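Worksheet: the structure to be examined is printed underneath.
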Amino acid sequence: IGLETANYQLDVLNAIPIEEQIEMLKSANLDVNPLNEFLELVEIYKLQDLNAMLEMFYEDESLIEFEDDLLIQRNKNWIPIIEKNISKTAVFIAVGAMHLPGEYGLINLLKQKGYTLTPVNIYE
């Protein structure tokens, strides 16, 4: 099952005015190799350094004003779906890394609901 539909994901992105999207593209640092940024994020993820992941997100100031739509509200929407499914059987849930850290990250939201979460490190 999905936590949301592809159409919902597109609606979230389309809610960002086209002018803002153009400005975000114009302000993109073209000197930075996106692959290097991705590899850096992968290394931070492997270290389970949630604070560093959050810092990396906040480095892109153009995303901050859309944090509520892109992350916070979606995380809140997913909690009832996650709870419904984990009450039935063991499940594997895959989300983007940026949905995990922070006050409104999935980890914290699930802990607030009383769940115990144990990180699993497959890289050891």
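The values are calculated or read from the model by the stated rules, or taken from the named source; none is laboratory data. Just so it is clear, the model here is predicted, and its values are computed rather than measured. Methodologically, a virtual Cβ is constructed for each residue, glycine included, from the backbone with ideal geometry; neighbour enumeration extends over all protein chains shown. Note: accessible area is taken over every heavy atom of the protein model, side chains too, but ligands, DNA and RNA are not part of it. Shrake-Rupley method; radii C 1.70, N 1.55, O 1.52, S 1.80 Å.
In the chain, helices alone account for a calculated mean residue ellipticity at 222 nm of -15500 deg cm²/dmol, with every DSSP H run of four or more residues adding -39,500 (n - 2.57).
When the accessible area of the chain is computed with all protein chains present and a 1.4 Å probe, what percentage of it is carbon and sulfur? Mind dumping the intermediate values first?
Working: 4980 of 9070 Å².
On the chain, the fraction of accessible area on carbon and sulfur atoms equals 55 percent.
Placing a label point 7 Å from the Cα of Asn85 along the Cα-to-Cβ direction, the residues of region 92-121 whose backbone N falls under 16 Å from that point are 92-97, 99-100, 106-107, 110.
Mind checking the angle between helix 34-46 and the chain's longest principal axis? C-alpha axes, 0 to 90 degrees, to the nearest 10. Orientation of helix 34-46: about 20 degrees from the principal axis. Multiplying the residue separation of Asn108 and Asn7 by 0.36 nm and subtracting their alpha-carbon distance yields 33.7 nm. Accessible surface computed residue by residue for the chain, with neighbouring protein chains in place and a 1.4 Å probe, gives 73 Å² per residue. Accessible area of Leu54 (1.4 Å probe, protein heavy atoms only, ligands and nucleic acids ignored): about 40 Å². Relative to the dominant Cα principal axis of the chain, helix 50-59 is inclined by about 30°. Put a plus charge on the Cβ of each Lys and Arg, a minus charge on the Cβ of each Asp and Glu, and nothing anywhere else: the dipole of region 68-124 about its Cα centre is then about 260 debye.
Of the residues Val95, Val12, Ile22, the one whose Cα sits farthest towards the positive end of the charge dipole of the chain is Val95 (charges of +1 on Lys and Arg Cβ, -1 on Asp and Glu Cβ, taken about the Cα centre). Loop-located trypsin sites (Lys or Arg not before Pro) across region 48-98 with a Cβ neighbour count of 11 or fewer within 10 Å are Lys88, with loop assigned by DSSP. Relative to the Cα centre, the charge distribution of region 17-56, modelled as +1 at Lys and Arg Cβ and -1 at Asp and Glu Cβ, gives a dipole magnitude of about 120 debye. Summing Cβ point charges (Lys, Arg +1; Asp, Glu -1) relative to the Cα centre of the chain gives a dipole of roughly 1000 debye.
Put simply, when 33-44, 91-102 are sorted by average Cβ atoms within 10 angstrom per residue, most first, you get 91-102, 33-44.
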